[in-house]
Each structure stands twice: as C-alpha cells, then as structure tokens.
Amino acid sequence: MASTTPIDVPPPAPPVKSPSGTSTGRAGDKIFSGLSKGSGILLLVVMAAIAGFLTYRAVLAISKDEGNFFTTFEWTPSANPPVFGIAVLLVGTIVSSIIAMVIAVPIAVGIALFISHYAPRKLAAPLAYLVDLLAAVPSIIYGIWGALFLVPYLDGLNLWLDHYFAWTYLFDQTQPGVARNMLTVGILLAIMILPIVTSVSREVFLQVPRMNEEAALALGATRWEVIRLSVLPFGRSGVISASMLGLGRALGETIAVATVLSPNFLVSLHLLDPGGGTFAQNIVAKFGEANEFGRDALIASGLVLFILTLLVNGAARLIIARRKEYSGANA
C-alpha cells in the first residue's frame, strides 16, 4: 500500500492590526452596531414619550367631560360643565380620506404604469421628476390654491352632481352654498396624496422581473395582458402599501383642510353640504383660542388621531411583510 505524504497547511494569517492594536473593522462594527441599536431605542423612547404625554393629558380632559367622548356631537370644553366629543371629527376624517383614496389611487396607479411601461424614456424621466416634485409642495400652497381656485370652480360640479345624482343621497345638496364641503376636501386631499402613491407604485412596478414580461410577450400576450398578468400581481402588495402611506397623510392633513372647509359639528352624509370637520382641522382651528382645559381636550382628540395613524401604518407593515421582496427579509 502506497504511503501518503502529509500536506503542510499554512496557519491562517493573523488579523490586520490597526496602530492602536485592535482589529481593523471590529471597532467599526461595534460602533455601527451601537449606533444602530441606539437609534432604534431612541425612536421607541420618542414614540413612548409622545404616547405617554398624549395619554396623560387626554385622561385629564376626558375625566371631566360631561358628555360621551366618542358619541357627543358638540365641542364646548370651555363651557360649564364642559361637553365635547369626537363623533363629528371621526366621521369627517374617515369620509374625507375615503374620498381621497377612491379618487387618487386609480389615477396614481395609471400614472405609475404609464411612466414605467408605456412612456418613452425621454418622457418618462422628466414626468417622474415632476411627480416627485409635487410631493414636496407645502400644504399651505395646496390650501391657498384650493381656497382661491378649486372652491369657486367646483360650484358647477356640485350643481351637476345634485341635478343628476341626488337620488344617491350622498350627492343630494340640501344646503346650497359655496363648495366648502367634504367633497372639496376629499378632492384636495386626493391631489395631495397623488404624488406619494404614484412614486411608490412606480418604483414597485419597475422591480417586476424582466424575464416575466419577456416570457409573456414571447407567448403572444399584448402589452395590457403583460401588465394584467405579470406586473399588477407582482406589485399588488406594493400598491397597497403605497395607498396606506397616502392614507396616512390624508388622515393627518391640517392646513389645507382648514383652508377650504366650513366646519360645524353636524354629521351628514350629504357630501355637497357645507360642514363637518376633521381631527387635524379642529385642532388647528381651536388651539389658539382654547384655555388650558380646552387644549387638553384637543390633545385627547389628537390621541385618537395618533392611534388611528398607527393602525394604518401597522396595517401597511403587515401587508408588506406578506411579500418578502418588499419587507427586506431576503436582503
């Protein structure tokens, strides 16, 4: 039997030492790890501090409220006894956000598909830049434009909807007047969230594997069939998460809503009638004239908005987590 000669394996090279004697990279890893953990902990501390402050001040106000905080259609915290509730604000916030989503999401998806799959390259790049630029426009600019341009020009739309669709109850205008109503608020919010939903949806559609689209085209599919069978199924969860981001902004929009809405504390599903209110609009309208207890009452309504926004963001995260491509789990 032939003998075997052992092979000498060289020992591993010692790690490169920095002038201070520590391994190069290890100190940097520890610093980066510490900064990352510290940033995460700091974020949790800030969120907990905000929640704790809102909860404490809200409890002070609700404990002295003579009405039902969730069902009272009145906001008089400075009266004796104080009576206030969020029923009108909750309905107005949800209704205006739903109108905005119904209008904005289909248009945003269409624009995203056009930029990512239909527009020529020379047109797609500047159009995408324009959409991203619209997302940076301040809310007050949208509010001024809505008050001076949108409200006057929506009077005709209100009359047309009332004439042809009053039978739906939603578009039955029982109080004629200027278009400072929930429909106008919803349209303005739709314009404001359109760039956000469009930008995120566009980036999701651009991540569709090119192989899937080419395979569908090779089988004789039309451009629309490729989008329907390959692009939209792949980007469905991304579009939903983009919509949730837009919904989060619509729920908390303040100045623009306060500029175009004529608020009152009446709940009505007649979208063309002036009136209604939202959490953010009521806070900005009442805060300056409120006393200490009135501010506590406004903070209590802000706590409800805070919880509502957290629920929306949590729902978006759950949807993203269903697709590991967007959750970063495969990174």
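Can you name every residue in the range 115-133 that is more than 27 Å from Leu229 (Cβ to Cβ) and open to solvent by 80 Å² or more (accessible area, probe 1.4 Å)?
If the condition is that a residue be more than 27 Å from Leu229 (Cβ to Cβ) and open to solvent by 80 Å² or more (accessible area, probe 1.4 Å), then Lys122, Tyr129, Leu130, Leu133 are the ones that fit.
Does Ala112 satisfy the condition of being open to solvent by less than 40 Å² (accessible area, probe 1.4 Å), in contact (Cβ under 8 Å) with a residue 12 or more places away in the chain and over 27 Å from Ile255 (Cα atoms)?
On the way: open to solvent by less than 40 Å² (accessible area, probe 1.4 Å): yes; in contact (Cβ under 8 Å) with a residue 12 or more places away in the chain: yes; over 27 Å from Ile255 (Cα atoms): yes.
For Ala112, the condition - open to solvent by less than 40 Å² (accessible area, probe 1.4 Å), in contact (Cβ under 8 Å) with a residue 12 or more places away in the chain and over 27 Å from Ile255 (Cα atoms) - is met.
Taking the range 134-172 as the search range and keeping residues that are part of a helix (DSSP H, G or I), within 24 Å of the chain's Cα centre (by Cα) and without any contact (Cβ under 8 Å) to a residue 24 or more places away in the chain, which one is nearest to Glu253 (Cα to Cα)?
So, considering only residues that are part of a helix (DSSP H, G or I), within 24 Å of the chain's Cα centre (by Cα) and without any contact (Cβ under 8 Å) to a residue 24 or more places away in the chain, the one nearest to Glu253 (Cα to Cα) is Ile141.
Is it true that some residue in the range 265-275 is of a type in the set (Phe, Trp, Tyr), open to solvent by less than 50 Å² (accessible area, probe 1.4 Å) and over 25 Å from Gly143 (Cβ atoms)? Can you show your working first?
To start, the set of residues in the range 265-275 that are of a type in the set (Phe, Trp, Tyr) comprises 265.
Remaining after also requiring open to solvent by less than 50 Å² (accessible area, probe 1.4 Å): 265.
In the following step, the residues that additionally are over 25 Å from Gly143 (Cβ atoms) were identified as none.
No, that holds for no residue.
Which one of these does Arg249 not meet: (1) at pLDDT below 90; (2) open to solvent by less than 20 Å² (accessible area, probe 1.4 Å); (3) of a type outside the set (S, T, N, Q)?
Every listed condition holds for Arg249 apart from (2).
What helices (runs of 4 or more DSSP H) lie completely within the range 227-323 and have 1 or more residues being small (Gly, Ala, Ser), under 13 Å from the mean Cα position of the chain (by Cα) and under 22 Å from Leu154 (Cβ atoms)?
Details: elements: 232-252, 255-260, 279-286, 292-321.
Correct list: 232-252.
Select, from Ala300, Ala316, Ala290, the only residue that is open to solvent by less than 40 Å² (accessible area, probe 1.4 Å) and in contact with a Pro (Cβ under 8 Å, 6 or more places away or on another chain). Walk me through how you get there before you give the answer.
On the way: Ala300 fails: in contact with a Pro (Cβ under 8 Å, 6 or more places away or on another chain); Ala316 fails: in contact with a Pro (Cβ under 8 Å, 6 or more places away or on another chain).
Checking each option against the conditions leaves just Ala290.
Looking at Ala104, Ala49, Ala100, Ala79, which one is open to solvent by 30 Å² or more (accessible area, probe 1.4 Å), of a type in the set (A, V, I, L, M, F, W, C) and either under 26 Å from Ile240 (Cα atoms) or assigned to a helix (DSSP H, G or I) (or both)? Step through it out loud before you land on a result.
Details: Ala104 fails: open to solvent by 30 Å² or more (accessible area, probe 1.4 Å); Ala100 fails: open to solvent by 30 Å² or more (accessible area, probe 1.4 Å); Ala79 fails: either under 26 Å from Ile240 (Cα atoms) or assigned to a helix (DSSP H, G or I) (or both).
Selected residue: Ala49, the only one of Ala104, Ala49, Ala100, Ala79 that is open to solvent by 30 Å² or more (accessible area, probe 1.4 Å), of a type in the set (A, V, I, L, M, F, W, C) and either under 26 Å from Ile240 (Cα atoms) or assigned to a helix (DSSP H, G or I) (or both).
Whether any residue in the range 51-61 is at pLDDT 90 or above and under 30 Å from Val239 (Cα atoms) is what I want to check.
There is at least one residue in the range 51-61 that is at pLDDT 90 or above and under 30 Å from Val239 (Cα atoms).
Checking Leu44 against (1) open to solvent by less than 100 Å² (accessible area, probe 1.4 Å); (2) out of contact with any strand residue (DSSP E or B) (no Cβ under 8 Å at 6 or more places or on another chain), only one condition comes out false. Which one?
Answer for Leu44: the failing condition is (1).
Just checking, how many residues over the range 173-195 are of a type in the set (S, T, N, Q) and in a loop (DSSP other than H, G, I, E, B)?
Here the count works out to 3.
Kindly provide the set of residues from the range 113-133 that are within 22 Å of the chain's Cα centre (by Cα) and of a type in the set (Phe, Trp, Tyr), ordered by number.
Across the range 113-133, the qualifying residue is only Tyr129.
The values are calculated or read from the model by the stated rules, or taken from the named source; none is laboratory data. Not measured: the values here are computed from a predicted model. Cβ: placed from backbone, ideal geometry, glycine included. Neighbour counts: every protein chain shown. To get the accessible areas, we keep the full protein, side chains included, count just its heavy atoms, and leave off ligands, DNA and RNA. Shrake-Rupley method; radii C 1.70, N 1.55, O 1.52, S 1.80 Å.
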